[in-house]
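Participant: Here it is: the structure, laid out below.
The values are calculated or read from the model by the stated rules, or taken from the named source; none is laboratory data. Computed from a prediction, not measured in an experiment: that's the story for all the values here. Counting neighbours? That spans all protein chains shown, and the Cβs are built from the backbone with ideal geometry, glycine included.
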Amino acid sequence: MSKDILSAKADFPLLKQTINDHPLVYLDNAATTQKPQVVIDSLVDYYSRLNANIHRGNHSLAVQATEAYEGARRKVAGYINAEYNHEVIFTRGTTESINLVAFTYGEKFVQPGDEIIVSQLEHHSNYVPWKLMCQRRGATFRVLPFDEHGELDLALFERMLNEKTRLVAINHVSNSLGTVNPVAEIIRLAHAREIPVLVDAAQSVQHVAHDVQSMDADFYVFSGHKMYGPMGIGIFYGKEKWLEVLPPFLSGGEMIDTVTPEKVTFNVLPFKFEAGTPNVAQAIGLGVAVDYLQQFDSLELQKYEEDLLAYGLSLLAEIPDLVIYGDPKHRSGILPFNVNGIQHYDMGVLLDTMGIAVRTGQHCTQPIMDALRVSGTVRASLALYNDRSDMDRLAYGIKRAIKMLKR
Amino acid sequence: MSGIHDIQKNLSDDFSLLANWEEKYEYLIEMGMEMPAMKPESKVDENLVRGCQSSVWFDVNCQDGMIVFEADSDSLVVKGMVAMLHKLLNNQPAKDVLDAELSVFEELGLWRHISSQRSNGLTAMVAHLKAEAADCLAK
């Protein structure tokens, strides 16, 4: 029997507070989600009962801490259906994971004249590392544009692929528009030319399908803090065949096998990519977040969030002068909008006075804002603990703010 | 013309009559709308402080030992903050601007919204006005 989704709100202590004398409506989940009590407790429990450095000591605490850390790895591997646990590498987050691939893959496989493809829908963290890598390697940085619906054109993508393409980096869900990109199809087209694909799953792993084997992703990266886990922990998943051939990213302790003045040999997977003492407590906390998420039926959860988004969008569509950006066939978790004649920043500040937390600005996606010809947008973003009353409060708040600003 | 201290006291009294944040911001926005419009010739790029989320135009002058300035913003909230500064510091002796201790923003809790706005931050605007006041005094 899976957990009732409507019971989730009560599990998140932060949501119980009032902000500016109003009960909080937290709609900045694409930036970071709140944490259920079990995740918060796991951090305190780790430092109260378990703290030791892992993989090194053989005293009881070190063994238990190591087991808990490796247990978290197994949970994450299970959640994304990795073939092997050692394909799951702990990092600080999505940004570090992408930089890891950009540096190691770039060093090993990218030569002058080669091409890398990203989309125009990327967050700066899946854009800038590739742009800089192309500059370092003398490669060409190519950007697949999105259309008037906020969707990518697969036919155009297929035409961009050629014998010089070395890698495709694409998000599963856009953090600015919420577009769900057809990653399985993109991967199939790229694999037909033996080109590997990195999927930025920061906005998707907690909302939509997250089976790395079924989508056949070569690299799949995400952050713990956007999926109800702690900050400072993230995942780099890579297929074993790639992890074996990529050189290490950071070097130091843990990642080595033998060290002499003449020669250094590297540890086995996954330790080859985990130099230094990792964020053990946060990794364990992420494992607890995965357990928490898995109490829900994943299809039911997806349906719930889709319905809630549709409900919110329908309320917004009724507000005069409100513009919703993009209308992709499949959208997840994001309500991006502006009201004609009103600065997004003003809307954000006034919603905040009513206890409604949204994000305003460029959302680390300047190429998208340029394409939309706006200086920024207001973005409300959903999590499993949001409900229809939150959407009602948002719509009411927007109307109230419009009254305050348009006189 | 009353002194900065008295204006600050009046502003503080006005705001204390308002029941909640929404009313405070409503009042602030109104103040912005009532601020004298910036002359088009002053609203030029060299007077523009481009922020991450909003832009502010700021033209400060020293006239006979007094600080005289005009300002505008594409954000009505920021413009309201700027209007408060304008009420407080415009047409005041440079010495008073330099010595002014502006506690009203902190007192009203408005500070936290604006000061994080990087270069648009109130802190930066006040610092800019004080620097101009120091120059004005040195003349």
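Participant: Going through the range A:127-172 one residue at a time, which ones are without any contact (Cβ under 8 Å) to a residue 12 or more places away in the chain and assigned to a loop (DSSP other than H, G, I, E, B)?
Facilitator: Residues satisfying the conditions are A:D147, A:E148, A:D153.
Participant: Write out, first by first residue and then by second, each pair whose Cβ atoms fall under 6 Å of each other, whose residues are 6+ apart or on separate chains, and whose first residue, in the range A:360-374, is not assigned by TED's automatic domain parsing to the domain that holds A:F146 while the second is among the hydrophobic types (A, V, I, L, M, F, W, C) and assigned to a helix (DSSP H, G or I).
Facilitator: Every condition considered, the pairs that remain are A:Q362/A:M369.
Participant: Of these, A:V349, A:V323, A:V290, A:V339, which one is free of Cβ contacts under 8 Å to residues at least 40 places away in the same chain and touching a helix residue (DSSP H, G or I) at 6+ places or on another chain (Cβ under 7 Å)? So that I can check it myself, show each step before the final result.
Facilitator: Numbers: A:V323 fails: touching a helix residue (DSSP H, G or I) at 6+ places or on another chain (Cβ under 7 Å); A:V290 fails: free of Cβ contacts under 8 Å to residues at least 40 places away in the same chain; A:V339 fails: free of Cβ contacts under 8 Å to residues at least 40 places away in the same chain.
Just one listed residue meets the conditions, A:V349.
Participant: Here is a list of conditions, (1) charged (D, E, K, R); (2) over 21 Å from A:G57 (Cα atoms); (3) surrounded by 19 or more Cβ atoms within 10 Å (Cβ to Cβ), and A:E262 meets all of them except one; can you say which number that is?
Facilitator: (3)
Participant: Moving on. Go through (1) outside any loop (DSSP other than H, G, I, E, B); (2) modelled with pLDDT under 90; (3) more than 14 Å from chain A (Cβ to nearest Cβ) and name the single condition B:A131 misses.
Facilitator: (2)
Participant: When the residues of the range A:21-31 are filtered to those that are outside any strand (DSSP E or B) and surrounded by 17 or more Cβ atoms within 10 Å (Cβ to Cβ), which remaining residue is nearest to the other protein chains (Cβ to nearest Cβ)?
Facilitator: Restricting attention to the range A:21-31, the residues satisfying the condition of being outside any strand (DSSP E or B) are A:21, A:24, A:27, A:29-31.
From what's left, surrounded by 17 or more Cβ atoms within 10 Å (Cβ to Cβ): A:24, A:27, A:29-30.
Details: A:L24: 14, A:L27: 18, A:N29: 20, A:A30: 17 Å.
Once the filter is applied, the top-ranked residue is A:L24.
Participant: Given the condition without any contact (Cβ under 8 Å) to a residue 24 or more places away in the chain and part of a helix (DSSP H, G or I), answer yes or no: does some residue in the range A:54-61 qualify?
Facilitator: Yes, the range A:54-61 has at least one match.
Participant: What helices (runs of 4 or more DSSP H) completely inside the range B:1-118 contain at least 3 residues that are within 14 Å of chain A (Cβ to nearest Cβ), at pLDDT 90 or above and over 30 Å from A:M369 (Cα atoms)? Talk me through it step by step, then tell me what you get.
Facilitator: Values: elements: B:4-16, B:21-34, B:76-89, B:94-99, B:104-108, B:111-114.
Ranges flagged: B:21-34.
Yes/no matrix, rows are residues, columns are (1) closer than 23 Å to B:M33 by Cα; (2) in contact with a His (Cβ under 7 Å, 6 or more places away or on another chain); (3) facing chain B (nearest Cβ under 10 Å):
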| residue | (1), (2), (3) |
| --- | --- |
| A:A317 | no, no, no |
| A:Y325 | no, no, no |
| A:I334 | no, no, no |
| A:F337 | no, no, no |
| A:N340 | yes, no, no |
| A:Y345 | yes, no, yes |
| A:G348 | yes, no, yes |
| A:V358 | no, no, no |
